Structure formats: structure tokens, C-alpha cells
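Have a look at the structure below before the remarks.
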Amino acid sequence: MTRSNNLLWGALALGVVTGMRSMLAPTMVSQALAERSDTPKAGPLTRTLAAAKTRHLLIPLAASELLGDKLPFAPDRTIVPSMMVRALSGGLTAAALAGARRQPAWVPALIGATAACVSAKIALRLRKRYGRSGAAVNAALGIAEDSLALAIGNAGLKRALNKD
């Protein structure tokens, strides 16, 4: 696969993750970019996402979202403000990956944003369909969704940041 295809697959995967957990993908990408030696040479969005201050902000946001998602009063992830945050998060995360690869950012950003919105709808529909059996089942499904999001995110990062 070419560098561009790897980046697009990574943008898609991390967009899917963002649809499931809006702060998880940016947190994962922030950590991965911070560990790369070439990040200081990347564009401003990539450097901002890799910055220690950004990571220190994103980590508690992602952790609280992972915990809060299991609560019965968690808001619907498909309401307009939530979808806007997910689209923005998915798009910016994918654009930062493109910056790390020194590739144009528009197409990955569009893929990341779109995947986040589609994934949010699908994941919520599945969760509601199978989570009607009570709070314990809903929490278990949430943990399974977290695990899936982490696996997809790690695979997407590996693909997108692969040195080829």
C-alpha cells in the first residue's frame, strides 16, 4: 500500500473511534505523535496535538468519557452538539495524522469527520438494540465498545504512522 492509502485507512479507523468515543482518538494520536522524533518538523496542528499541554488536557477528558458513557444519564451521542464535536474531533485528528506524514490534510480530515458521524449512529443503534436488558448489560456493552475502539484506534495509528 502507498503512504497515502495507509493515511486514509488510518483516518477512517480513527474517525470510527471518534464516533464511539469523541476524545479517545485525539488522545491516542496525541500520545503517538509525542513519541515520534519527527513531530517537531510537522505542521502546527500536528505539533499542537503532540504538545504535553494538549495531552494533559485530553487524557482526563478521554478517561471521563470512558467512565461517563456507562452511566444511565449519559447524553445521546447523536444529538447535534455531540455530532458536531465528533465530526470536528475526527477531522482534526485525521488532519494531524496527515501533518505528521507531510501529506495534504483535506481528504483525511473529511474521511475522519464523516466516519465519526456514521460510526456514532451505528454504535448507538447497536448499543440501544442490545442494551435494553438493564444497566449492567449496558455497562458491559460499553466496556466491549471501549475495547473495540481501542483496538481499531491502535490498528489505525499503526497503519497511518507506518514509516513504509
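Selection over region 76-104 of residues that are assigned to a loop (DSSP other than H, G, I, E, B) and over 17 Å from Asp146 (Cα atoms) gives a count of 6.
Quick check on region 1-21: of everything there that is assigned to a loop (DSSP other than H, G, I, E, B) and at pLDDT below 95, which residue is surrounded by the most Cβ atoms within 10 Å (Cβ to Cβ)? Even if it seems obvious, please write down each step before you answer.
Quick first cut of region 1-21, residues assigned to a loop (DSSP other than H, G, I, E, B) only: 1-2, 21.
Among the residues that remain, those that are also at pLDDT below 95 are: 1-2.
On the way: Met1: 11, Thr2: 8.
In this case the residue turns out to be Met1.
Quick one: is Arg21 more than 16 Å from Gly156 (Cα to Cα), of a type in the set (Lys, Arg) and touching a helix residue (DSSP H, G or I) at 6+ places or on another chain (Cβ under 6 Å)?
Numbers: more than 16 Å from Gly156 (Cα to Cα): no; of a type in the set (Lys, Arg): yes; touching a helix residue (DSSP H, G or I) at 6+ places or on another chain (Cβ under 6 Å): yes.
So Arg21 does not fit the description; no.
Among the residues of region 61-85, just one is within 23 Å of Lys158 (Cβ to Cβ) and either surrounded by fewer than 16 Cβ atoms within 10 Å (Cβ to Cβ) or more than 15 Å from the chain's Cα centre (by Cα) (or both), namely Ala63.
Is at least one residue of region 127-140 assigned to a helix (DSSP H, G or I) and under 15 Å from the mean Cα position of the chain (by Cα)? Break it down into steps so the answer makes sense when it comes.
Of the residues in region 127-140, the ones assigned to a helix (DSSP H, G or I) are 127-130, 135-140.
Still in the list and also under 15 Å from the mean Cα position of the chain (by Cα): none.
No: zero hits.
Name the residue, out of Leu97, Leu141, Leu88, Leu126, that is surrounded by 15 or more Cβ atoms within 10 Å (Cβ to Cβ), out of contact with any Lys or Arg (no Cβ under 7 Å at 6 or more places or on another chain) and without any contact (Cβ under 8 Å) to a residue 40 or more places away in the chain.
Working: Leu97 fails: without any contact (Cβ under 8 Å) to a residue 40 or more places away in the chain; Leu141 fails: out of contact with any Lys or Arg (no Cβ under 7 Å at 6 or more places or on another chain); Leu126 fails: surrounded by 15 or more Cβ atoms within 10 Å (Cβ to Cβ).
Of the residues listed, the single one that is surrounded by 15 or more Cβ atoms within 10 Å (Cβ to Cβ), out of contact with any Lys or Arg (no Cβ under 7 Å at 6 or more places or on another chain) and without any contact (Cβ under 8 Å) to a residue 40 or more places away in the chain is Leu88.
For first residues located in region 51-69 and touching a residue at least 12 places away in the same chain (Cβ under 8 Å), partners that are of a type in the set (D, E, K, R) and in a helix (DSSP H, G or I) and lie 6+ apart or on another chain with Cβ distances below 8 Å form the pairs Leu66/Asp146; Asp69/Glu145; Asp69/Asp146. For region 38-55, name all the residues that are closer than 16 Å to Leu157 by Cα, out of contact with any Lys or Arg (no Cβ under 8 Å at 6 or more places or on another chain) and surrounded by fewer than 21 Cβ atoms within 10 Å (Cβ to Cβ). Selection gives Asp38 alone. For the structure I just gave you, tell me whether Arg102 is out of contact with any Leu (no Cβ under 8 Å at 6 or more places or on another chain) and either in contact (Cβ under 8 Å) with a residue 24 or more places away in the chain or of a type outside the set (Phe, Trp, Tyr) (or both). Judged against the criteria, Arg102 is a match.
May I ask you to verify whether Leu58 is of a type outside the set (S, T, N, Q), more than 24 Å from Asn5 (Cα to Cα), in contact with a helix residue (DSSP H, G or I) (Cβ under 9 Å, 6 or more places away or on another chain) and surrounded by fewer than 15 Cβ atoms within 10 Å (Cβ to Cβ)? Taking the combined requirement at face value, the residue does not satisfy it. Condition check for Pro26 on (1) more than 13 Å from Gly153 (Cβ to Cβ); (2) crowded, with 21+ Cβ neighbours inside 10 Å: one failure, at (1).
The values are calculated or read from the model by the stated rules, or taken from the named source; none is laboratory data. Bear in mind the structure is a predicted one, so any value in this text is a computation, not a measurement. Cβ: placed from backbone, ideal geometry, glycine included. Neighbour counts: every protein chain shown.
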